[in-house]
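A quick write-up on the structure given underneath.
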Amino acid sequence: MKKLISLALFLALLLTVVPPSMVDAQGGGEDYTVQADDWLSKLADKFYGDTNAYWAIMSATNQANADDSSYAKVENPDVIDVGAKLRIPSTEDAQTFMADFDIGQLQFGKLFAVGEQGQLEVGNYWTSAGEFAGINAIYDIYRKENPGVELIHAGIAGGAGVNFEGANLNKLIAGDPYDVFMSHVGLEAELYSPEEFLRPLDDLLAETGTLEVMPEDLTNLLKVRGVTYVIPLNIHRGGVMWTNTRLLEQAGVEAPTTFKEFFAACQTLQDQGITPLGMGIADGFELSHTFETVLIGTVGVETFRGLWDGSVSWTDPGVAEALSNFDKMLDCTNQDRGTIGWSPAVALVINDQAAFNIMGDWAYGEVLANDATDYVTWNPAPGNQDVFFLVSDGFAVPKAAPNPENSLNFIRLIMRKDAQEAFNQNKGSICARTDCDYGTFPADRRAYFQGSADDFATANIVPMITHGSGAVPIWADQFGQIATQFASDRDVAAAQAAFVQAAEDAGFPQ
């Protein structure tokens, strides 16, 4: 049985091992071979009487790997191969390691060797199959070009950075930052007191000429008080409705484009015992994300923009109408939405358990990973036909990065055309550069990527609030809290009044 060590870590570790095959006199340690029915914490308990001492085994194995590639390199133990060779340190060595190790401080670097050119610890929250496939394509290039650097995927689970952001801020404040960390392009950088903690990156943009091949709508988002702190790797579209065509054909309904059509389809699907809208809210951002697509789909682009720049009051009747639409939409969802996150909700559509899922096109990475492109397709969410909800992932460099040259080389890499092409064909997003060749992507993936790129060139580009681009963090956080409360009490008047108060608190008199 798998044991969840910490919600804040990608290292929710599960390994399988066999009894000792060989005793190595060096350090009194032993070598073990991975097989079924054992896992790492179980082994730590057996040899040390302490399940938490699995960290010492992980570190010892990775240190051994640096000198002898016959040992496993334990990066993501959930997918470690049976037959992998592990290093079990002596009790004394394990105790010494654990006495100096505090996983609460996210000391990932101590779990890996140090290369001839140091380490590169990449802070992020890409831990699902599609997400990791994307960033791992970047890692492959970096490792090939920088063989002397030990690259560490410091992934913290939790969609939209729900667990990562607080942990990352704590590390910055403590003076123990990652070498690079991911952040959404836009006002999310304000969360990290950028003037104090982040390195300006305008010089790298100028050095590489990347600004010349990025769309203007994106470059306008890069500046925070005139300075660039986050370099974009991709462009996601937020307002996508992932659709199971097999279930629609079975029910005899068409993909809806309006809320009226959506609610009619919902009734038809429910009458046939089919869940219309797969939803998961356990990662903490999904209700805000869904309501934001409902809001812009109800009030339109110009009113939506006005709500956030203060030119339209949140007392506008369109806000109440959007809340009413959201209320009806929640009645179309699965009963267990509170117990699952965004990725399992996408899986409901992939596994023929729900007809629709409203999520950004990072969900396409899950569709690709599950080889479901022949029956899971995409449509704009209701009312979102002329909208490109922009979510752009990028990376920042702390001023106190332990390995600054390695950090800057990583930033230089993610600006490159080949790196963005390698990343985005797995992640489900399009490039932040305009010169990527989507014709080089695998044939079963080209249609979505080219279509998204075409829409980006013609649709109304709107930075998404939920994902850090369109509002300062405190306003975006309040928006999410109100959407979450509404999903519980379904009180339209109370939610609209809360939006009015939040706007006033943010400096927009209503």
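Please determine, in degrees from 0 to 90 and to the nearest 10, the orientation of helix 286-299 with respect to the longest principal axis defined by the Cα atoms of the chain, where the helix direction is its Cα long axis.
With rounding to tens, the tilt is 20 degrees.
What aspartates and glutamates could a cross-link reach from LYS144, if we take a straight Cα to Cα line under 14 Å and drop same-chain neighbours fewer than 8 places away?
Cα-Cα hits under 14 Å: ASP418.
Can you show me the helix-derived [θ] at 222 nm for the chain, built from DSSP H runs with n ≥ 4 at -39,500 (n - 2.57) apiece and divided by the number of residues, rounded to the nearest 500.
Estimated from H runs of four or more residues: -13000 deg cm²/dmol.
Pairs of alpha-carbon atoms within less than 8 angstrom and 6+ residues apart define the contacts here; what relative contact order does the chain have, in percent?
Values: 963 pairs, mean separation 94.6, N = 510.
Taking the mean separation of contacting Cα pairs over the length of the chain, I get 19 percent.
Return one number: the angle in degrees, 0 to 90 and rounded to the nearest 10, between the long axis of the Cα atoms of helix 446-458 and the longest principal axis of the Cα atoms of the chain.
50 degrees
Can you list the aspartates and glutamates whose alpha carbon sits under 13 Å from that of LYS46, skipping same-chain ones fewer than 8 residues off?
ASP38
For the pair ASP81 and ASP386, how long in nm is the line joining their label points, each one 7 Å along Cα→Cβ?
Rounded to a tenth, the inter-label distance reads 5.4 nm.
Rounded if a/c is under 1.5, else prolate if a/b beats b/c, else oblate: with a ≥ b ≥ c from the C-alpha gyration tensor eigenvalues square-rooted, which is the stretch 128-222?
Working: a/c = 1.38, a/b = 1.04, b/c = 1.32.
Judged from the Cα gyration tensor, the stretch 128-222 comes out rounded (a/c under 1.5).
For the stretch 396-501, what does the alpha-carbon gyration tensor say about shape, rounded, prolate or oblate, given a ≥ b ≥ c as the root eigenvalues, a/c under 1.5 as rounded, and a/b over b/c as prolate?
oblate
Taking 35 Å as R0, compute the FRET efficiency from the Cβ-Cβ separation of ARG225 and ASN460 and round it to 0.05.
On the way: r = 26 Å, r/R0 = 0.73.
The formula returns an efficiency of 0.85 here.
Compute the Cα gyration tensor for the stretch 360-405, then decide on rounded, prolate or oblate, letting a ≥ b ≥ c be the square roots of its eigenvalues: rounded whenever a/c is under 1.5, prolate when a/b is larger than b/c in the other cases, and oblate in all that remain. Working shown, then result.
Values: a/c = 6.51, a/b = 1.86, b/c = 3.49.
Since a/c reaches 1.5 but b/c is at least a/b, the shape of the stretch 360-405 is classed as oblate.
Estimate the FRET efficiency between ASP477 and THR245 by the formula 1/(1 + (r/R0)^6), using the beta-carbon distance for r and 30 Å for R0, to the nearest 0.05.
E(calc), rounded to 0.05, equals 0.25.
Here are some values of P(r) over Cα pairs in 20 Å bins from 0, in percent: [x] 19, 35, 31, 14, 1; [y] 22, 53, 24, 2; [z] 22, 58, 20, 0. Which one was computed from this structure?
[y]
Distance in nm between label sites at ASP93 and ALA129, each 7 Å beyond Cα in the beta-carbon direction?
The modelled label-to-label distance comes out at 3.6 nm.
Please compute the length gained on full extension between GLU145 and ALA36, using 0.36 nm multiplied by the number of residues separating them and subtracting their Cα-Cα distance.
35.7 nm
Which net charge results when you count Lys and Arg as +1 and Asp and Glu as -1 among the other residues whose beta-carbon is under 12 Å from that of VAL149? Write out the running numbers ahead of the final one.
Working: positive: ARG143, LYS144; negative: GLU116, GLU121, GLU145, GLU150, ASP179, GLU405.
Every neighbour counted, the sum reads -4.
Using 0.36 nm per residue of separation minus the Cα-Cα distance, give me the extension gain between SER324 and THR258 in nm, one decimal.
In short, 22.3 nm is gained.
Roughly how tilted is helix 473-489, in degrees to the nearest 10 and between 0 and 90, from the longest Cα axis of the chain?
70 degrees
Holding the Cα-Cα limit at 23 Å, pick out from LYS171/LYS399; LYS42/LYS73; LYS85/LYS171; LYS42/LYS171; LYS328/LYS427 the pairs that are longer than that.
Among LYS171/LYS399; LYS42/LYS73; LYS85/LYS171; LYS42/LYS171; LYS328/LYS427, the Cα-Cα distance tops 23 Å for LYS85/LYS171; LYS42/LYS171; LYS328/LYS427.
Since every read-out is calculated from the coordinates, none of them should be taken as a lab result. Quantities reported herein were computed from a predicted structural model and do not represent experimental measurements. Counting neighbours? That spans all protein chains shown, and the Cβs are built from the backbone with ideal geometry, glycine included.
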